[in-house]
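The values are calculated or read from the model by the stated rules, or taken from the named source; none is laboratory data. Since we're looking at a predicted model, the values are computed, not measured. When we count neighbours, we look across all protein chains shown, and the Cβ atoms used for this are built from the backbone with ideal geometry, even at glycine. Areas reflect the complete protein model, heavy atoms only, side chains present, ligands, DNA and RNA absent. Shrake-Rupley method; radii C 1.70, N 1.55, O 1.52, S 1.80 Å.
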Amino acid sequence: MRMEAGARRGAGTVLVLGGGGGRGAAQLGILRALADWGVRPDACVGTSVGALNAAVAAALPLPEAVDALERIWASPETRAVFRTHPLRIALNRALRRPWLYSGASIAELVDFAMEMVGVRRFEDLSRPLRIIVTDLASGEPVVISRGPLRDPLRASCAVPLVFPPVELGDRDYVDGGVTDNCSLATAAGMAPERIVAVDLTAEPAQPRVRRWSELFDRVTSTALHARVRADFERFSGRVPVTLICPRFAPRLRVTDFGTVREAARAAMASLLQGLGSRDGRLSPGLFYLSLTASSSGSTG
């Protein structure tokens with residue numbers, strides 16, 4: 001079930017930013033390269049960490065949005081979301097809560113970001129925004145496009161088992177990535193001229209995994225990326241879709257946000273040399289970016 005109010009038909013370029021936790025810093029580098037190339041989105045769709053990035057991109061012109069996002073990602077509020085707190089984990093386990101953290105750090109980050117760009121509601125944004133959340137009771141994706149921004153952003157980032165659900169109205173919602181992590185379907189429903197999407201779930205080939213956490217991450221990312229690839233095949237016959245998928249080298253620390261951002265910017269700038277024209281139009285297709293700590297723009 002997709003609940004969407006106030007949809008505006010006939011969007012030009014729709015920017016879709018998928019979820020991926022700390023990997024969301026790569027979207028900043030990609031957006032910087034796109035802004036330098038002349039890409040200007042007319043509407044935005046975001047899920048999980050991509051929802052926060054998309055909200056800023058919907059509030060400001062893209063070059064200014066990337067400036068703001070770089071400050072947001074360098075802030076103590078962002079670091080707090082990804083910091084491990086063993087005592088809090090132990091307390092929540094002792095209290096038998098079905099999550100590890102309270103969600104306060106996400107709320108503080110959202111408040112900080114919205115204060116920086118000066119928006120509080122969808123209606124304050126410069127261009128349409130769709131945020132994807134998951135209805136915990138029905139297990140279905142829900143698209144939110146009007147009203148206050150704070151709680152939909154919190155809900156879209158509420159990773160199950162890590163953060164508690166967020167109540168909107170009389171229902172509980174969690175991370176939109178559970179059901180639609182990079183929502184090409186929502187973008188296609190806006191009748192765009194083209195879609196530019198950044199999916200963060202692509203993984204380089206690995207001969208084997210050695211820890212259960214690596215296995216869980218691998219299986220999860222494989223399932224999510226398979227869904228995105230299937231949606232790409234489904235919608236690219238109707239509308240030009242440029243799907244950009246960064247792949248993170250094993251030695252690239254995801255929590256080193258500055259390095260991730262610059263690796264993605266360099267790789268995307270290199271790809272753009274053969275991908276688009278200076279009027280901001282990009283060739284449609286599925287493109288993988290190989291990111292390393294010393295990335296100089298390699299693609300593959």
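Looking only at the stretch 84-134, how many residues end up being basic (Lys, Arg) and modelled with pLDDT of 95 or more?
Residues in the stretch 84-134 being basic (Lys, Arg) and modelled with pLDDT of 95 or more: 4 in total.
Can Gly177 be described as in contact (Cβ under 8 Å) with a residue 40 or more places away in the chain and at positive phi?
The answer is no for Gly177.
Restricting to the stretch 226-253, name every residue that is outside any strand (DSSP E or B) and open to solvent by 50 Å² or more (accessible area, probe 1.4 Å).
Ala226, Arg227, Arg229, Ala230, Glu233, Arg234, Gly237, Arg238, Pro240, Pro250, Arg251, Arg253
What's the number of the condition Ala197 fails, among (1) open to solvent by less than 60 Å² (accessible area, probe 1.4 Å); (2) out of contact with any Phe, Trp or Tyr (no Cβ under 7 Å at 6 or more places or on another chain); (3) assigned to a loop (DSSP other than H, G, I, E, B); (4) among the small types (Gly, Ala, Ser)?
So the condition that Ala197 fails would be (3).
Considering only residues of the stretch 152-194 that are hydrophobic (A, V, I, L, M, F, W, C) and assigned to a strand (DSSP E or B), which is most open to solvent (accessible area, probe 1.4 Å)?
Leu168
Can you name every residue in the stretch 100-135 that is closer than 28 Å to Ala188 by Cα, assigned to a helix (DSSP H, G or I) and open to solvent by 60 Å² or more (accessible area, probe 1.4 Å)?
Glu123, Asp124
Considering the stretch 126-174 alone, what residues qualify as being basic (Lys, Arg) and touching a helix residue (DSSP H, G or I) at 6+ places or on another chain (Cβ under 7 Å)?
The answer is Arg127, Arg130, Arg146, Arg150, Arg154.
Please verify whether the stretch 205-222 includes one or more residues that are buried (at least 17 other Cβ atoms within 10 Å of the Cβ), farther than 16 Å from Gln27 by Cα and touching a residue at least 40 places away in the same chain (Cβ under 8 Å).
no
Looking at the stretch 35-45 only, could you name the residues that are assigned to a helix (DSSP H, G or I) and either at pLDDT below 95 or out of contact with any helix residue (DSSP H, G or I) (no Cβ under 9 Å at 6 or more places or on another chain) (or both)?
Once the filter is applied, which keeps residues that are assigned to a helix (DSSP H, G or I) and either at pLDDT below 95 or out of contact with any helix residue (DSSP H, G or I) (no Cβ under 9 Å at 6 or more places or on another chain) (or both), the stretch 35-45 yields Asp36, Trp37.
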